[in-house]
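Since the structure comes first, as structure tokens, the remarks are kept for the end.
The values are calculated or read from the model by the stated rules, or taken from the named source; none is laboratory data. Quick caveat: nothing in here was measured; it's all calculated off a predicted structure. In this analysis, Cβ positions are derived from the backbone assuming ideal geometry, glycine residues included, and neighbour counts consider all displayed protein chains.
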Amino acid sequence: MRPNPTQLPDSCDRSPTRRWPDRFNPTLAITLSLAITACTPPQSTTQTKGSQPTTPAVVVPARRQAVSENLPLIGTVSANEMVEIKPETDGIIQEIRFEEGQRVEKGQLLLLLDDSKSAASTAEAEANFKLSQVTYERSKQLLKDNLISQQEHDQSAATFAFNQAGLDLKRRQLRDARILAPFTGTIGSRQVSPGQVITRSTTLTWLVDLDSVKVEVELPEKYLGQIQLGQNLSFTVAAYPKEQFPGQIYFIAPQVSETLRTATVKARIPNPKHLLKPGMFASLTLTLVVRESAIVIPEVAIIHNGDQTVVFTVDKADVVSLRSIKIGERLAGKAEVISGLEEGEDLIVEGHQKVGPGSKVRRSTAEKAAPYLR
């Protein structure tokens, strides 16, 4: 005998939340569905004489769309080029020709050391060189006229070569008093002052090339077969969470770390506005696979029953069936279905608690279904 909807049994559970058993049983689901129908107040179902009761539900179709299989990674931003500027000789700073944060060109003079001692030494070396050169040229003629021995000529030649090497060294030391920018970039903070005595180990400043930056990540070895040189990627940083920075992979390490089982992967990122700074953490999204035509359903349609994943489908006669599916990638509010559903099949996204296999539903309006179709 069918229960009278207006007379509720004492055992009816009015709790709005119901949990499926750990191991799903279709027979039990039908029994529970009938019990729920019996416990539902009159206004939640409609029934005409000689027809099966219907339950309102929001129903939408499974659709196809492109799905990307992405791998989230954390990397570190580094400059395209960055050097610590140090002198090549000891000395006293005479002039500082840059401002902190200034953009400089390759070869531009940054600092000038006191070169008075080096200039004097260079002048002395030049005088010795010229004298030895004259002596050497004269000895060649004297040897030709047999007026000196070969040994005397060799000594003058050796003296000439020695003085020439000494002059080259002094000239190089004089040039070392002028510290030039090794490449085009942005100057960092200044660490010295005019008049300060410095040595070869003194840090003067830093020079950073930020026109492009590099991002370095450690990629698990199992994904190495899914990336290649030139592959595109994008990432975000905490300072600009809403902005995506695109780049390309230009380096894949030829070896895998034996301890971490990862390989170093580097990507180069254009940085025309200099928003990215060395040392920033980068949250990368590496696209491994793109499936252009995948079945996608709203995530709210999915019911987890122990180790099974199921959905309620609705046929053209508005009769409910239970379908086991396999889920792939999770998207924002959606999920990819690998197996168990076909494109266009209808499924319930609202109203699961009041239906079961064999139940009949009354479809909601298009306005209620619209949010799930975006």
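List of remarks:
- When the criteria are applied in full, Gln164 meets the requirement of being polar (S, T, N, Q) and in contact with a helix residue (DSSP H, G or I) (Cβ under 8 Å, 6 or more places away or on another chain).
- In summary, strands (runs of 3 or more DSSP E) completely within the stretch 278-328 and bearing 2 or more residues that are under 30 Å from Gln231 (Cα atoms), among the aliphatic types (A, V, I, L, M) and modelled with pLDDT of 90 or more occur at 281-298.
- Residue check, Gly306 farther than 28 Å from Thr54 by Cβ, out of contact with any Pro (no Cβ under 8 Å at 6 or more places or on another chain), in contact (Cβ under 8 Å) with a residue 24 or more places away in the chain and not aliphatic (A, V, I, L, M): no
- No other residue among Val290, Val311 is under 19 Å from the mean Cα position of the chain (by Cα), of a type in the set (A, V, I, L, M) and more than 28 Å from Glu81 (Cα to Cα) apart from Val290.
- Qualifying positions in the stretch 353-374 - more than 18 Å from Arg63 (Cβ to Cβ), aliphatic (A, V, I, L, M) and assigned to a helix (DSSP H, G or I): none
- Considering residues of the stretch 348-374 that are of a type in the set (A, V, I, L, M, F, W, C) and free of Cβ contacts under 8 Å to residues at least 12 places away in the same chain only, the residue surrounded by the most Cβ atoms within 10 Å (Cβ to Cβ): Ala370
- Residues in the stretch 160-202 that are assigned to a loop (DSSP other than H, G, I, E, B), surrounded by fewer than 15 Cβ atoms within 10 Å (Cβ to Cβ) and either touching a Gly at 6+ places or on another chain (Cβ under 8 Å) or hydroxyl-bearing (Ser, Thr, Tyr) (or both): Ser189, Ser193, Thr199, Ser201.
- Among the residues listed as Pro254, Pro220, Pro278, Pro272, the single one being exposed (fewer than 15 other Cβ atoms within 10 Å of the Cβ) and within 30 Å of Gln102 (Cβ to Cβ): Pro272
- If you go through the stretch 329-340 and keep only what is out of contact with any helix residue (DSSP H, G or I) (no Cβ under 7 Å at 6 or more places or on another chain), in a strand (DSSP E or B) and of a type in the set (Gly, Ala, Ser), you end up with just Ser339.
- The listed residue being outside any loop (DSSP other than H, G, I, E, B), at pLDDT 95 or above and surrounded by 15 or more Cβ atoms within 10 Å (Cβ to Cβ), out of Val58, Val77, Val67: Val77
- Qualifying residue in the stretch 340-347 (condition: surrounded by 12 or more Cβ atoms within 10 Å (Cβ to Cβ), out of contact with any Phe, Trp or Tyr (no Cβ under 6 Å at 6 or more places or on another chain), free of Cβ contacts under 8 Å to residues at least 40 places away in the same chain and not assigned by TED's automatic domain parsing to the domain that holds Thr55): no
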